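Read through the structure below, which is laid out as structure tokens, and then see the notes.
The values are calculated or read from the model by the stated rules, or taken from the named source; none is laboratory data. Being a predicted model, the structure only gives us computed values, none of them experimental. Cβ placement follows ideal geometry from the backbone for every residue including glycine, while neighbour counts extend to all protein chains displayed. When the accessible area is computed, the model is the full protein with side chains, heavy atoms only, and any ligands, DNA or RNA have been set aside. Shrake-Rupley method; radii C 1.70, N 1.55, O 1.52, S 1.80 Å.
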Amino acid sequence: MYIMKRSGERVIFDGEKIANAIRKANKEEGILSDKLTEEQIAAIVNGIERDARNASRDLSVEEIQDKVENSLMATGKFNVARLYITYRYKHNELRKMSNIDQKISGIVERDNEEVKQENSNKNPTVLSVQRDYMAGEWSRYYTNRYLLSDDIVAAHKDGLIHFHDADYFAQHMHNCCLVNLGDMLDNGTCISGTHIDTPRSFNTACTVASQIVAQVASSQYGGQTITMSHLARYVDISRQKISQRLKAEFAEAGVDVDEEKLKKIVEDEVRREVESGCQTIQYQLITLQSTNGQAPFVTVFMYLHEVPEGQIRDDLALIIEVMLKQRILGVKDNRGFYITPAFPKLIYVLQDDNIEEGSKYFYLTKLAAECTAKRMVPDYISEKMALAMKGDCYPCMGCRSFLTPDRFTDAQKGNLGNAKNYVEGVHKYYGRFNQGVVTINLVDAACSSGGDEAKFWEIMKDRLNLCHRALRLRHERLLGTPSDVAPILWQDGALARLKPGEVIDRLLYDGYSTISLGYAGLAECVFYMKGVSHTSSAGDAFGLKVMQLLNDSCAQWKAEENIDYSVYGTPLESTTYKFAKALQKRFGKIPHVTDKNYITNSYHIHVTEEIDAFAKLSKEAEFQRLSPGGAISYVEVPNMQDNIPAVLAIMKHIYDTILYAELNTKSDLCDVCGYSGEIRVVKDSTGKLVWECPNCGNREQARMHVARRTCGYIGTQFWNQGRTAEIADRVLHIGLGEIQETGSVNPNASH
Ligand SMILES: [Zn+2]
């Protein structure tokens, strides 16, 4: 006779083990008359053995322990029963603990595959990352054990939903933000207990900005965005200073310089200072390591209309020009090769006076196009589409999560964060943040319905309810948080200027911050339910209906709770495998639905579907509209460094059709032969996917630089086989043949 262990292993039934467990509890009972006799213990064991023999299957350890509990109760020895239950509970804890021990050992000894795939921006071999992961494992354990309800933990484990960042949830931490750099620089701030006055030069402003970014990164787990507009006024402060100094120097030397000449000398020096300041930002931000073991996930926003016309806008244009030129150059690696850095992410806003050839700032847009071709950034926000959809044009918080349009200013709620740069009646975006994310797996909802539409909507309602409860937990975790947990955020201006001891609660309502309902796998969901892609007319309608339901749910929760729930196209990263694996386990391999090692992000069109860049962006724009909490579309293009007009043609299309998009270009570098272009994935003799230089055949990863965007992040550390397969699966949205000699793209080319 056998019993089934938790691991699924069958072991021979051993009555003596049961007897010993009861004896342990019995021994702790102090009152002799309340103890069980050896005969009573034997009777209990015999009874359980009989039950086990009569059962038509192997009983589980849990079932046997339940029977022991019931038998003890039946004998009336309630105290011994209680001691047994405690004993059982402690054992359970110990068992879970050893699971944690295993995980931690896996992190420290670097033999845990899951950890290696966790985040393509973190290198798990370095000590600070290991330490962050160890803390993360404990936080995850504590979160699952004490902070989340069992059904949420189970749904997360089974891949029905994803409760993001459980490794940070134990602490009272939020997700991502737009840093109010302007307030901190203009009105002073405090860094590590030291007061920082407003900078007296552009260079110093850039240094302070970098320090602020590092501090913010250590106080939250998601990304952050700063805008170059907040630095622009410091260019003129430097200019005045330089001008005064030079005048004095020339006067002292007795040199007579005319105004025109002096101006030129001053402007040359101003430019040098802007170059030095931008370089500080670029190098500081990639070389800094936050306490969570990675370079801060920071996005730099470049939007000319954010500052008024005149000197300040000219200065902002200069900063943008310098930033782009430095990025095109790249950064040197440890062998002196110029490579593509992953950070900072750059966002460039396309607007009426920079998109058309001949417009005032077209030269910047052209630089941006060159930069995209060479370094995959910047990404593009269309001012036209932003104004049409949101009423304002503002950046996303780090990677893609978007704030809701400011409603607290319209409702005259006033200066909720006590920012010193708040202007009554003017919409505010910098200083706002996101509370956190929970993602619904649309593919699972579809497969669970078996294709029955009525059932699908019912399941969706159920799952959304689960997501809502999980999001409530995120919100409640932040309630009551004192500003003292992160002075840089809550007291010194990055997000607010609250008093010590004051709680952040009022920043969680009235739309000051958002909270995200993420979704993933619309492509597979629609394919399962309708048998067609969501790019077809039948699939499209169903896909939009799903998206509308997500929006309606958020609207309802928002109306009831005054919290800005918003629909968010989750960047899945390693969760894409977790979902894919969970789906295969639950439903097997369904062609086009669960047969890959990944599922498709957000509303994206499947990577294997042939569609041209222009059609893809237009089609995805319909869905991006229904993803107001954030989403980014991309097109996969070949090496386009020699075809900037084609890049510009796509950018123009972005400006006209979609709020936020990027181009996945390819400009890899082979150290062996110096080839610059696309390094491709090939199969080696054992079937393993490897990267190979098309020029010299080099396959040594240490001697090549490959940068690819996965889920919206640029990764440069190479990828596991699953992700490499996805990268190899990607079809180009512009074929090499379509890029004509004239340098334009034929938008009507079909595949
Ligand atoms: Zn080569």
So, in the stretch 318-352, exactly how many residues are among the hydrophobic types (A, V, I, L, M, F, W, C), touching a Pro at 6+ places or on another chain (Cβ under 6 Å) and modelled with pLDDT of 95 or more? 2
Every pair of residues 6+ apart whose Cβ atoms lie under 8 Å, when the first sits in the stretch 298-310 and is over 18 Å from Leu346 (Cβ atoms) and modelled with pLDDT of 95 or more while the second is of a type outside the set (Asp, Glu) and surrounded by fewer than 22 Cβ atoms within 10 Å (Cβ to Cβ): none
Of all residues in the stretch 543-586, how many are open to solvent by less than 10 Å² (accessible area, probe 1.4 Å) and of a type outside the set (Ser, Thr, Tyr)? 13
Which ones in the stretch 725-739 are modelled with pLDDT of 85 or more and within 20 Å of the chain's Cα centre (by Cα)? Ile727
Can you pull out every residue in the stretch 618-628 that is in contact with a Gly (Cβ under 8 Å, 6 or more places away or on another chain) and part of a loop (DSSP other than H, G, I, E, B)? Ser627
If Leu147 passes every condition in (1) at pLDDT 90 or above; (2) more than 22 Å from Phe579 (Cα to Cα); (3) surrounded by fewer than 16 Cβ atoms within 10 Å (Cβ to Cβ) but one, which one does it miss? (3)
Given (1) within 26 Å of Lys96 (Cβ to Cβ); (2) modelled with pLDDT under 90; (3) open to solvent by less than 60 Å² (accessible area, probe 1.4 Å), where does Glu28 come up short, assuming only one miss? (3)
I'm checking my understanding of the structure. Among residues of the stretch 690-732 that are more than 16 Å from the ligand (Cβ to nearest atom), assigned to a strand (DSSP E or B) and open to solvent by less than 30 Å² (accessible area, probe 1.4 Å), which one is farthest from His604 (Cα to Cα)? Gly715
Keeping to the stretch 513-542, report how many residues are surrounded by fewer than 23 Cβ atoms within 10 Å (Cβ to Cβ) and under 20 Å from the mean Cα position of the chain (by Cα). 0
So Ser238, is it within 29 Å of Met397 (Cβ to Cβ) and small (Gly, Ala, Ser): no
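Residues are listed down the side, and each one gets a yes or a no for (1) at positive phi; (2) within 16 Å of the ligand (Cβ to nearest atom):
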position: Gly630; (1), (2): yes, no
position: Asn639; (1), (2): no, yes
position: Pro645; (1), (2): no, no
position: Ala649; (1), (2): no, no
position: Asn664; (1), (2): no, no
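Here's the yes/no breakdown for (1) open to solvent by 60 Å² or more (accessible area, probe 1.4 Å); (2) modelled with pLDDT of 85 or more; (3) over 49 Å from the mean Cα position of the chain (by Cα); (4) under 17 Å from Ala74 (Cα atoms):
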{"site": "Met1", "(1), (2), (3), (4)": "yes, no, yes, no"}
{"site": "Met4", "(1), (2), (3), (4)": "yes, no, no, no"}
{"site": "Ser7", "(1), (2), (3), (4)": "yes, no, no, no"}
{"site": "Phe13", "(1), (2), (3), (4)": "no, yes, no, no"}
{"site": "Asn20", "(1), (2), (3), (4)": "yes, yes, yes, no"}
{"site": "Lys24", "(1), (2), (3), (4)": "yes, yes, yes, no"}
{"site": "Glu39", "(1), (2), (3), (4)": "yes, yes, yes, yes"}
{"site": "Ile44", "(1), (2), (3), (4)": "no, yes, yes, yes"}
{"site": "Arg53", "(1), (2), (3), (4)": "yes, yes, yes, no"}
Give me the pairs, please: first residue somewhere in the stretch 396-421 and free of Cβ contacts under 8 Å to residues at least 12 places away in the same chain, second residue anywhere and open to solvent by 10 Å² or more (accessible area, probe 1.4 Å) and among the aromatic types (Phe, Trp, Tyr), beta-carbon distance under 8 Å, and either six or more positions apart or on two chains. Gly414/Tyr422; Asn415/Tyr422
Out of Tyr348, Tyr338, Tyr363, sole residue that is among the hydroxyl-bearing types (Ser, Thr, Tyr) and closer than 19 Å to Tyr394 by Cβ: Tyr348
Any idea which of (1) within 16 Å of the ligand (Cβ to nearest atom); (2) part of a loop (DSSP other than H, G, I, E, B); (3) at pLDDT 90 or above is the one Ser685 doesn't satisfy? (1)
Any residue in the stretch 675-704 that is without any contact (Cβ under 8 Å) to a residue 24 or more places away in the chain sitting within a Cβ distance under 6 Å of a residue that is of a type in the set (S, T, N, Q) and near the ligand (Cβ under 9 Å from one of its atoms)? List the pairs, counting only those 6 or more apart or interchain. Tyr675/Asn695
Any residue at all in the stretch 82-89 that's touching an Asp or Glu at 6+ places or on another chain (Cβ under 9 Å), open to solvent by 60 Å² or more (accessible area, probe 1.4 Å), among the hydrophobic types (A, V, I, L, M, F, W, C) and closer than 30 Å to Glu137 by Cα? yes
Consider Leu659 carefully, then state whether it is away from the ligand (no atom under 16 Å from the Cβ) and open to solvent by less than 60 Å² (accessible area, probe 1.4 Å). yes
Can you pull out every residue in the stretch 464-491 that is open to solvent by 30 Å² or more (accessible area, probe 1.4 Å) and assigned to a loop (DSSP other than H, G, I, E, B)? Leu479, Gly480, Gln491
